[in-house]
Amino acid sequence: MELFTGGKPFIELTRDELLKIKNQEAFIPIIYSEIVVLLKNKYGNDYTLQRLRKMGHMLADGILKHWTPHKIRSVQDIIEETYQVFLYRGLKTKKVLDKIYVRDENCPVCYFNVSDSDIPFCIVISGLIERIINNLRKYNPKLPEISVDNISSRSMGKDLCIHAISFK
Amino acid sequence: MPKEKLGFFGKLLAKIGKHFYWWKARKMNGLLMALDMLECVRIIYEYHDNDLSAALQTFKELGRHAGEAVIYEFLDAGKRIFSKRLEDFPVILESAWYIFMGDHIAGAELLPAEGELPQRLVWRVEKCVFCGGLKQDDSIIVNRETMGYDKTRLTWGSTVCGVMETALQSILDYVELPYDIAVEETGCIMKGDPFSEYTAYFWPKQA
């Protein structure tokens, strides 16, 4: 952790303070993979996919209450800055014809022991990207309204995760 | 073969090794971690028709399953610092916690058996990221009553208890110490305590 308590042994953190703290990433994907199985077994694949996308939307809503990107100029800029701030790394985005593709070789939720699922675990990331961009349109109306589909997922045995962004 | 006792070099290895593993680990921002945790609980909360206590019980169970992955991913390397002495467990725990959470724990201590309580390991978390800002979030009401703490001893960190139970039990089995472990979050900010505190109870195995 990189936050100091100023001599106090324990502090109750606020969400703004959480922005300054680094944590090991693995805890979440390990728990998340258990949740996907639980949902799938009770409700089936269709509901699971829909609920995980909604989870991404809710994460985006939570994030944007406490953080906005410095540059709200383009979809690619926003995605790259979001990854840098929340996962401390860059990633590749590429515009091809009328879509933007986000290629993630180190997906934060497709835990590497899971490669035979019929659920793309990172649909939560598709939902997250979709909601972040669409919610930021209030700051920059020139941003397009988008929808995001997951077209490749490591949880389904692919080499990398790819999110395809379409403009509405 | 597990060591009988953790010597000076074993303790040094634990202190240096944890920084290496932390440096190597992929990191996530604390805000994303806390929100992820909240949304994971929310899914199970809905699954149990908005019964938070039932959700936390399931969450603890998921943590127990997840503990196996933790052992597999993080603690295999720790074999070098495992020993057959319970007195060495605070050192093992501090290293494992740091590797896994990137956080220091305050003075992990092995307490002697007293009354009906067995020997137990107690540690406090300096800055609990899981509940950060949760008191200001009214989308799920989390407190001593809604968690059903007085009946169930479940808290917001129950899943961490599940993970730790499996991880510590695996270590005990590996070093062939005859204990069954149970972990509880005995201090939780969401139930009104000023800090997060975990207790691992070492119950002697019944013959």
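Just so you know, all these numbers are worked out from the coordinates, no wet-lab data involved. Only a predicted model underlies this, so the values are computations on that prediction, with no experimental measurement involved. Here the Cβ positions follow ideal geometry from the backbone for every residue, glycine too, while neighbour counts run over all protein chains shown.
Tabulated data
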item: Within a Gaussian network of chain A (alpha carbon springs, distance under 10 Å), most fluctuating of A:Val148, A:Val37, A:Val124; result: A:Val37
item: Segment A:58-71 - phi-based ³J(HN,Hα) in whole Hz, Karplus 6.51/-1.76/1.60, Gly and Pro as x; result: 6, 4, 4, 4, x, 4, 6, 6, 10, 8, 10, x, 5, 10
item: Unit charges at the beta carbon, dipole of chain A: most positive-side option, A:Thr48, A:Asn140, A:Leu38; result: A:Asn140
item: Percentage relative contact order, segment B:50-207, counting C-alpha pairs under 8 Å, at least six apart; result: 30
item: Chain A pair-distance distribution - Cα-Cα, 5 Å bins, rounded %; result: 1, 8, 16, 20, 20, 15, 11, 6, 2, 1, 0, 0
item: Residue-averaged beta-carbon neighbours from other chains (10 angstrom radius) around A:84-91; result: 3
item: Extent along principal axes [Cα atoms of segment B:1-141; Å; largest to smallest]; result: 50, 43, 26
item: Pairs beyond 22 Å (Cα-Cα), from A:Lys142/B:Lys27; A:Lys71/B:Lys127; B:Lys27/B:Lys135; B:Lys60/B:Lys191; A:Lys54/B:Lys27; result: A:Lys142/B:Lys27; A:Lys71/B:Lys127; B:Lys27/B:Lys135; A:Lys54/B:Lys27
item: Dipole axis of segment B:48-168 (+1 Lys, Arg; -1 Asp, Glu on Cβ), positive-most option in B:Leu56, B:Val70, B:Leu93; result: B:Leu93
item: For segment A:51-120, the Rg and Dmax computed from alpha carbons only, in angstrom; result: 13.7, 38
item: Stokes-Einstein D in µm²/s, Kirkwood radius over Cα pairs - the protein assembly as shown at 25 °C with 0.890 mPa s viscosity; result: 113
item: Ranking of A:Ser33, B:Ser139, A:Ser153 by count of other Cβ atoms within 10 Å, fewest first; result: B:Ser139, A:Ser33, A:Ser153
item: Cβ-placed point charges (K, R +1; D, E -1), dipole of segment B:115-207 about Cα centre in debye, nearest 20; result: 120
item: D_trans [Stokes-Einstein, Kirkwood Rh over alpha-carbon pairs] for segment B:90-161, 37 °C, 0.692 mPa s, µm² s⁻¹; result: 228
item: Cα-centred dipole magnitude for the protein assembly as shown, charges only on beta-carbon of K, R (+1) and D, E (-1), debye, nearest 20; result: 1300
item: FRET efficiency, 1/(1 + (r/R0)^6) with R0 35 Å, evaluated for B:Lys135 and B:Phe20 via beta carbons; result: 0.45
item: Calculated from backbone phi, Karplus (6.51, -1.76, 1.60) coupling profile of segment B:54-67 in Hz, x at Gly/Pro; result: 5, 4, 5, 5, 5, 4, 5, 5, 4, x, 4, 4, 5, x
item: With eigenvalues of the C-alpha gyration tensor scaled by 5 and rooted, segment A:84-168, Å; result: 24, 14, 12
item: Chain B: most fluctuating residue of B:Tyr72, B:Tyr98, B:Tyr21 per GNM, C-alpha cutoff 10 Å; result: B:Tyr72
item: Other-chain or far-sequence residues with amide H under 5 Å of B:Thr186's (modelled H); result: B:Glu197, B:Tyr198, B:Thr199
item: Cα-centre dipole for segment A:23-167 with unit charges at Cβ (Lys and Arg positive, Asp and Glu negative), debye to 20; result: 440
item: Reach of A:Lys92 by Cα under 16 Å, taken over aspartates and glutamates that are not fewer than 8 positions away in the same chain; result: A:Asp77, A:Glu80, A:Glu81, A:Asp104, A:Glu105, A:Asp159
item: Mean ellipticity per residue at 222 nm, deg cm²/dmol - from DSSP H runs of n ≥ 4 across chain B, formula -39500 (n - 2.57); result: -14000 deg cm²/dmol
item: Using θ = phi - 60° and Karplus 6.51 cos²θ - 1.76 cosθ + 1.60, couplings along segment B:109-125 (whole Hz; Gly, Pro as x); result: 9, 8, 9, x, 5, 8, x, 8, 7, x, 4, 8, 9, 10, 9, 10, 9
item: Mean separation of Cα contacts under 8 Å (6+ apart) over length of segment A:61-168, as relative contact order %; result: 28
item: Shielding by other protein chains, B:121-131, mean Cβ within 10 Å; result: 4
item: Ranked A:Leu64, B:Leu32, criterion: other C-beta atoms within 10 Å, fewest first; result: A:Leu64, B:Leu32
item: Part-to-part distance (alpha-carbon centres) for segment B:85-128 and segment B:29-53, which is given in Å; result: 26
item: For B:Gly102, distant residues with modelled amide H under 5 Å away; result: A:Gln24
